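Enquirer: Mind looking over this structure? Questions follow.
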Amino acid sequence: MDTGTAVGAKAAAGAATEQVEPGEPGSVATGSGRFGRPGRPLRRSSFLVGFTGALGVLLAYTVFLGIRNASGILVLVVIALFLAVGLNPAVVRLRRWGLPHGLAVTVVVLTLVLLIIAGLVALVPPVVTQTGQFIEQLPSYVEELRRNRTVNDLVVRYDVMQRVQELANADTVGRALGGVLGGAQLIFGTLFRVLTVLVLTIYFLAYFDKLRDLGYALVPRSRRQRVSLIGDEILTKVGAYMVGALSIAVLAGATTFVFALVVELPYPFALAVVVAVTDLIPQIGATLGAVIVSLVGFATGLPVGIACVVFFVLYQQVENYLIYPKIMRRSVEVNEVAALLAALLGVALMGVVGALIAIPVVAALQLILREVVLPRQERR
């Protein structure tokens with residue numbers, strides 16, 4: 001085949017594959033002629049415009065009701081998505097070390113499950129033990145109250161025994177049973193949510209690259225490269241924030257564990273887990289964990305409680321001015337005022353989950369504002 005024939009064939013192939021704009025004569029919206037040619041557009045009458053607008057309002061209201069009814073599931077999906085984004089760098093690192101994708105996802109998920117089990121093992125036994133001790137000491141408490149003359153006078157004066165007997169009827173028992181069933185429902189509901197988040201996280205990790213590519217494919221081709229670059233940067237910042245937050249939380253928990261051993265606090269590992277978990281909450285989490293441990297310290301003894309307060313005041317200063325800036329600000333670069341406002345708004349909208357995802361969302365919005373919105377305003 002000579003050069004002229006080859007050029008003609010390429011031109012014919014390009015003409016055959018070239019897409020015709022919809023609305024032009026001879027164009028087919030579906031890209032093939034199997035379903036016939038489109039007819040003329042409907043006449044834009046006032047009735048048709050009003051009916052279409054009404055359908056749009058009805059559809060928007062239906063979507064709103066669906067989102068409101070499925071808000072609980074959507075929150076679980078958001079949590080699983082952020083966990084997957086935060087854990088995906090670990091999967092990528094394991095793949096660079098030579099592990100297959102499936103095995104890397106399995107290793108990361110098993111590590112996460114082991115950490116959750118370790119936290120439960122650390123927290124559940126102290127609660128069960130202290131509850132059992134309280135039940136064992138309850139008869140002695142009652143006996144001490146009965147020996148108290150003031151308490152006996154109050155019992156006689158206000159007919160406490162008669163009131164107790166009146167309350168101990170079928171309605172009270174039914175309400176108590178309902179409370180027990182409500183507690184069981186809360187426990188099983190929490191387990192269901194945890195398992196749902198875990199399963200969704202596994203799926204998101206397993207199909208992370210495909211889901212990301214699918215999201216980029218929905219963008220027009222002319223903007224796809226820029227959107228993919230900005231999107232990858234956002235995912236990198238979210239992942240960096242998750243890794244940094246976990247690192248700071250683990251460091252806080254380990255430091256608290258060593259301090260609890262030194263001052264002989266009860267259940268040091270459980271307290272360390274509490275501090276690590278609460279430290280994941282931006283702005284207020286570290287203070288919340290410090291208050292819990294300090295209360296345990298004051299319950300143990302006044303000197304221990306004072307030592308806990310001094311320790312956490314000093315540690316939070318070191319964390320806020322030395323540890324946090326080196327780990328977080330280089331990767332996320334979130335303004336302090338924006339981070340505080342985002343954490344407060346996140347708590348108001350979605351509770352603790354909103355506080356956890358507030359800073360990554362602000363980092364993403366800052367990047368979009370800096371790279372998309374502000375340059376567009378400068379060109380106008």
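Each reported figure results from applying straightforward, stated rules to the coordinates on display, with no laboratory input. Only a predicted model underlies this, so the values are computations on that prediction, with no experimental measurement involved. Because the Cβ atoms are built from the backbone with ideal geometry, glycine has one as well, and the counts that use them run over all protein chains shown.
Enquirer: Using a 10 Å cut-off on Cβ atoms, rank the peptides 67-80, 260-273 from the highest mean neighbour count down. The partial results should precede the final answer.
Expert: Working: 67-80: 13.9, 260-273: 18.7.
Per-residue mean Cβ counts within 10 Å order the peptides as 260-273, 67-80.
Enquirer: Using θ = phi - 60° and the Karplus relation 6.51 cos²θ - 1.76 cosθ + 1.60, list the HN-Hα couplings for segment 292-308 in order, rounded to whole Hz, with x at every Gly or Pro.
Expert: 4, 5, 5, 5, 4, x, 5, 5, 6, x, 4, x, 5, x, 4, 4, 5
Enquirer: Let me ask something else. For the residue pair residue 295 and residue 349, what label-to-label distance in nm results when each label sits 7 Å from Cα along the Cα-to-beta-carbon direction?
Expert: Roughly 3.0 nm, to one decimal.
Enquirer: Moving on. Residue-wise, which Karplus ³J(HN,Hα) couplings in Hz belong to segment 237-242, taking 6.51 cos²θ - 1.76 cosθ + 1.60, θ = phi - 60°, and x for glycine or proline?
Expert: Result, ordered by residue: 5, 5, x, 5, 5, 4 Hz.
Enquirer: Any idea how far apart residue 284 and residue 40 come out in nm if each label point goes 7 Å out from Cα toward Cβ?
Expert: About 6.4 nm, to one decimal.
Enquirer: Please give the length that would be gained between residue 59 and residue 121 if that part of the chain were fully extended, namely 0.36 nm times their separation in residues minus their C-alpha to C-alpha distance (nm, one decimal).
Expert: On the way: separation 62, 0.36 × 62 = 22.32 nm, distance 4.81 nm.
Between residue 59 and residue 121, full extension yields an extra 17.5 nm.
Enquirer: Would you please put 365-377, 305-317 in order of how densely packed they are, using the mean number of other Cβ atoms within 10 angstrom per residue and starting with the highest? Write down the numbers at each step before the final one.
Expert: Values: 365-377: 12.0, 305-317: 16.3.
Put in order of decreasing packing, that is 305-317, 365-377.
Enquirer: Still on this model: Express in nm, to one decimal, how much length is gained between residue 209 and residue 321 on full extension, taking 0.36 nm for each residue of separation and deducting their alpha carbon distance.
Expert: 36.7 nm
Enquirer: Kindly rank 188-198, 48-58 from highest to lowest mean number of other beta carbons found within 10 Å of each residue. Present the calculation step by step, with values, prior to reporting the outcome.
Expert: Working: 188-198: 12.6, 48-58: 10.4.
Most protected by this proxy first, the peptides run 188-198, 48-58.
Enquirer: Using Cα pairs closer than 8 Å and at least 6 residues apart in sequence, work out the relative contact order for segment 219-380, in percent.
Expert: Numbers: 142 pairs, mean separation 37.0, N = 162.
After rounding, I find 23 percent.
Enquirer: How much net charge surrounds residue 108 when only other residues with a Cβ under 14 Å from its Cβ are counted (Lys, Arg +1; Asp, Glu -1)? Before the final figure, lay out the partial values.
Expert: On the way: positive: 93, 95, 96; negative: none.
Counting the neighbours of residue 108, the net charge comes to +3.
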